[in-house]
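Values in this text are rule-based calculations from the coordinates and carry no lab data. In this text, all values refer to a predicted model and were calculated from it rather than measured experimentally. Virtual Cβ from ideal backbone geometry, glycine too; neighbours counted across all protein chains shown.
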Amino acid sequence: MEIDKAIRECDDGRLKTKYNNAIYVIRRALALYSVQEVALSFNGGKDSTVLLHLLRAGCFLHEAEENNSGGDAADGGKTFPIRTIYFESPSAFPEINSFTYEAAATYNIQVDIIRLDFKSGLEALLKANPIRAIFLGVRIGDPTAVGQEQFSPSSPGWPPFMRVNPILDWSYRDVWAFLLVSKVQYCSLYDQGYTSIGSIHDTVRNALLCIRNSDNSEEKFKPAYLLADGRLERAGRVKKNSSLVCGKLSSISNGVKMENLNSGSMLTASIITVGDEILFGTVEDKLGSMLCKKLHSIGWAVSRVAVTRNDIDSVAEEVERRKSTDDMVLIFGGIGPLHSDVTVAGVAKAFGVRMAPDEEFEEHLRHLIGEKCSGDKNEMALLPEGITELLHHEQLPVPLIKCHNVIILTATNVVELDRQWDCLIELAKSNGILVLMDPFVSKCFATILSDVEVAQPLSKLCAQFPDLYIGGYRRSREGPLVITFEGKDLSRIEAASQSLCQKFHAGAFSEID
């Protein structure tokens, strides 16, 4: 069979693994259900085109095994045995319709054309036919993929059938590797700059593939398989009347709403440390205090520093509490091959998404660890589905992970934290992932007065100056009491410190560096 032969003879080890896993799912489904009880939902897109040819190969191998032919059965000229359904829509691209009918003729596919909406069409189809399972070209990252597995019963309220998803764990890169290696036809729109095709009302060419002539007189687009970052395949799913300019894709932060950040309001951050070793008292958390100083240096107030246990549920609970109350959450620590593996999984749970394979992250890991890790390296490349942004910097061997307003740091010591923070600030200056504001200013005073003498005046000052951070500490029990004033307005700090000094005799307080 030409598909099976092309994949097995190629040099792409990753594609071979994906292909073998998908074929296993298909053959498993064909062992559970008869050919009359399964169907293929085909829509003319790249994913369903991949699925069509995987099913051709899977049916061929399944039949060869049943006939004990060792995979040598002929496959030319035979009618594709699986019922294929196509939901024809007046809002579909003409090229999609044309490709679907051409594929049906080329591969001897008997297509049931349904002109109802998807749910009504399925109800009518299943009522008239003994279909128990439907093959779908769903991939993780698709809006409909949340909560699905390779075999998933239909959702409540839908007609009952088993959803079979052979390419659920395939990436954008995997899809195009398969199509190009197999040398099969796909819809011509993908050669015109479209990367994810919906209806004519909500799909445009992906601006990231736009190229211009030197005189800027004509726009041209590279084919879809040249998109560098597969996570941006849906960047062309916008309204056609939106302001999409070639080469200038409107960016939307996946964290804080940037338009509201310069209004003068205080931005707050939480710091979460993950580690049983800190809770046991075995290790002192130096990174948390270091992060507080660094955040204050860019004008951010820290509302909470928390330490949580080294398990997914504990991390998820803490992140869920803080992500909705603070503008940013910085989290570090954990356990696993990457030290932050438990932390990443906890963040995913806090946002209610599943962990999905990330091809780009996997490439970074491959260069970093080579063949030295135990277990399945793919498991290490799982990131929160649909909410992850990788923060790249040439000084970082592995990019930092940002999920909406949560940034996951992988530092394990102060040197690594210094480097990651410096990279984060550089990135903030170029792409706005963090708002950089005027730093907090502070004044410190020392006194030999007792805690009892100073306590009441300090309490009144805290009420009088709620915009300031006022604190007191002693380096030793016998040492001087240090009073700290910190805030964004130096004049307010001066007023607070003068007010304190006026309550006592001259010389009771001395300013220190």
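Considering amide H positions built from the backbone, and no H for Pro or chain starts, which residues 5 or more places from L383, or on another chain, come under 5 Å of its amide H?
Hits under the 5 Å cutoff: A356, D358.
What does the charge dipole of the chain about its Cα centre add up to, to the nearest 20 debye, if the Cβ of each Lys and Arg holds +1 and the Cβ of each Asp and Glu holds -1? List each step's numbers first, then the result.
Values: 54 positive and 67 negative charges, 175 e Å.
In debye, rounded to 20, the chain gives about 840.
Summing Lys, Arg as +1 and Asp, Glu as -1, what charge do residues with Cβ under 13 Å from the Cβ of I278 carry, I278 excluded? Intermediate values should be presented prior to the final figure.
Values: positive: K286, R309; negative: D276, E277, E284, D285.
Here the charged neighbours net out to -2.
In Å, what Rg and Dmax follow from the Cα atoms of segment 450-507?
Expressed in Å, the Cα Rg and Dmax of segment 450-507 come to 11.5, 33.
Can you tell me the dipole magnitude for segment 268-431 around its Cα centre, using point charges on the Cβ only (Lys, Arg +1; Asp, Glu -1), in Debye to the nearest 20? Could you put the intermediate results ahead of the total?
On the way: 16 positive and 27 negative charges, 109 e Å.
Dipole size: approximately 520 debye.
Under 8 Å for C-alpha pairs, at least 6 residues apart: give me the relative contact order for segment 268-431, rounded to a whole percent.
Numbers: 270 pairs, mean separation 36.0, N = 164.
Relative CO of segment 268-431 lands at 22 percent.
Give me the percent relative contact order of segment 441-512, please, defined on Cα pairs under 8 angstrom at least 6 residues apart.
Numbers: 102 pairs, mean separation 33.0, N = 72.
Reported relative contact order: 46 percent.
Name the residue from S41, L51, L396 whose Cα lies farthest towards the positive end of the charge dipole of the chain, charges +1 on Cβ of Lys and Arg and -1 on Cβ of Asp and Glu.
Ranked along the dipole, the leading option is S41.
Taking every pair of distinct Cα atoms and averaging 1/r, then inverting, what Kirkwood hydrodynamic radius in Å comes out for segment 382-475? Can you show the working numbers first?
Numbers: mean 1/r = 0.0581 Å⁻¹.
Every distinct Cα pair counted, the radius reaches 17.2 Å.
Per-residue ellipticity at 222 nm for the chain, helices alone: DSSP H runs ≥ 4 residues times -39500 (n - 2.57), over residue total, nearest 500 deg cm²/dmol?
Values: 15 runs with 183 residues, N = 513.
The helix-only estimate for the chain comes to -11000 deg cm²/dmol at 222 nm.
For segment 187-232, which semi-axes, largest first and in whole Å, follow from the square roots of 5 times the eigenvalues of its Cα gyration tensor? Intermediate results must be reported in sequence, preceding the final value.
Numbers: eigenvalues 72, 33, 17 Å².
After scaling each eigenvalue by five and taking roots: 19, 13, 9 Å.
Counting only residues 5 or more places away or on other chains, whose amide H sits under 5 Å from the amide H of I335 once H atoms are built in the peptide plane?
Correct list: D341, V342, T343.
Given a cut-off of 24 Å, what percent of all Cα-Cα pairs of segment 268-431 lie beyond it? Can you show the working numbers first?
Values: 4032 of 13366 pairs.
I get 30 percent for the Cα pairs in segment 268-431 exceeding 24 Å.
Can you give the longest stretch of the chain with no exposed loop site, where a site means GluC sites (Glu not before Pro) in a DSSP loop (not H, G, I, E or B) with at most 14 other C-beta atoms within 10 Å? Walk me through the numbers before you get to the answer.
On the way: sites that count: E149, E218, E284, E371, E394, E478.
Excluding the exposed sites themselves, the longest stretch runs over 1-148.
Sorting check: for 155-161, 56-62, which peptide has the highest mean count of neighbouring beta carbons within 10 Å, and how do the rest follow? Walk me through the numbers on the way to the answer.
Numbers: 155-161: 11.0, 56-62: 22.1.
Descending packing order for the listed peptides: 56-62, 155-161.
Provide, as a two-decimal number, the C-alpha radius of gyration of the chain over 2.2 N^0.38 Å, N being how many residues it has.
Here the Cα radius of gyration is 1.26 times the empirical estimate.
Please report the equivalent ellipsoid semi-axes of segment 24-71, computed as sqrt(5 x eigenvalue) of the Cα gyration tensor, largest first, in whole Å.
Value: 21, 13, 8 Å, ordered largest first.
When only C-alpha pairs under 8 Å and at least 6 residues apart count, what is the relative contact order of segment 187-232, in percent? List each step's numbers first, then the result.
Values: 49 pairs, mean separation 18.3, N = 46.
40 percent.
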